[in-house]
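Beneath this line is the structure, given in structure tokens, with notes to follow.
Read the figures in this text as sums done on the coordinates, not as results from a lab. Note that this is a predicted model, so its numbers are computed, not measured. Positions of Cβ are generated from backbone atoms using ideal geometry, with glycine treated the same way; all protein chains shown enter the neighbour counts.
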Amino acid sequence: MSIKITMKRIFYLLAFLSVFSLGACKDDDEPQKVEYKPYSSTEDNKPNTTDPQNNTNTETTLNVFLCFGQSNMEGNAAVEDVDRNNVPSGMKNMIVANCDVTNYSAARYSWRKANPPLARFNTGLTPADYFGRTMLENLPSGQEIGIVMVAIGGADIEAFEKDRCEAYCGRTDFDGWYKNYLAEYDNNPYLTLVTAAKEAQKSGVIRGILLHQGETNNCQQDWPKRVKKIYEDLLTDLNLTAEDCPLLAGEMLHKENNGICYGHNEVIATLPNVIPTAHVISSEGCEGNGVDGFHFCAEGYRIIGKRYAQTMLKLMGVDITE
């Protein structure tokens, strides 16, 4: 009898020590490491009717990527012949801006072939162009890429903050051209992005979020925390998880390429410390347009777009063709 009591006491003591040790190892001040769940062309890509992204297709092949930011995501360089040629048939672009509904004579939030430009019909080459092409070159045959973009030249990060963007867009001190840009997205870019993304989820699966923004918020130290809030709001509103949907953020034009906002790259570099599933895309060697110190040239957009894709493919566990 005494042996049984002793063994029972030992069991409870070991259980207590186990719980205590687990609690002692946790450090709430450190961001928890989150691993991105690798892509699978067989299981991941065949969601059933209980799919968290509401996709009821029996065979989903459309991999959706949300893109947002300011002019470098919007695309500043003129589209060239090489960019118009050989656009893959499996690359799609969602019609989001109001002006594109009229220009393409198509329903809002419908898909079109991703002939550039992708932000709005009168913009330029964007990183998303060669991001999508590079993705398709490396994904299994039959896969498609869907680009959903809300990008506005000159936009402060506030334009994408769920709780602040409506008031931001209602400011009366903005120039007319900028007010017109905001109106293309119903003066609520965040809500427009969410609405478009939900429509995209009806035909595809959101795999990641691409961001290129920061010139307007150059060197602002709270930028990473603000981006984190936007990212988390998007995950919540779209029923996504960080493990399934990483954030890729591109650098500003580098100093050696005559970039004016190169100092913000030090801020962008801290983003993974705040968001464990964030990844920084280097713009090293991407030349500027030689005009304003903010924007890349066409080749610069092609290079950084490919780098976005190379990072995404590695996260998806896909072998990359060099």
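So the values come out like this:
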quantity	calculated
Extension gain from Asp186 to Glu256, taking 0.36 nm per residue of separation minus the Cα-Cα distance	21.4 nm
Over segment 34-315, equivalent-ellipsoid semi-axes from the Cα gyration tensor in Å	26, 21, 20
Across Lys162/Lys198; Lys202/Lys228; Lys179/Lys225; Lys179/Lys229; Lys162/Lys225, pairs whose alpha-carbon gap is larger than 20 Å	Lys202/Lys228; Lys179/Lys225; Lys179/Lys229
Simple label model, 7 Å out from Cα along Cβ direction - Val274 to Thr172, nm	3.2 nm
Given charges at Cβ of Lys, Arg, Asp, Glu: segment 34-315 dipole, positive-most of Thr126, Val291, Asn257	Thr126
Net charge, Trp111 excluded, C-beta distance under 11 Å - Lys, Arg +1, Asp, Glu -1	+2
By average C-beta atoms within 10 angstrom, highest first, the peptides 145-157, 176-188	145-157, 176-188
R0 of 35 Å, Cβ-Cβ distance Ala78-Asp222: FRET efficiency to nearest 0.05	0.50
Label-point separation in nm, Asn98 to Phe121, each point 7 Å along Cα→Cβ	1.5 nm
Highest-first arrangement of 204-217, 97-110, where packing means the average Cβ count within 10 Å	204-217, 97-110
Theoretical gain in end-to-end length, Ser141 to Asp163 [0.36 nm per residue, Cα-Cα removed]	3.8 nm
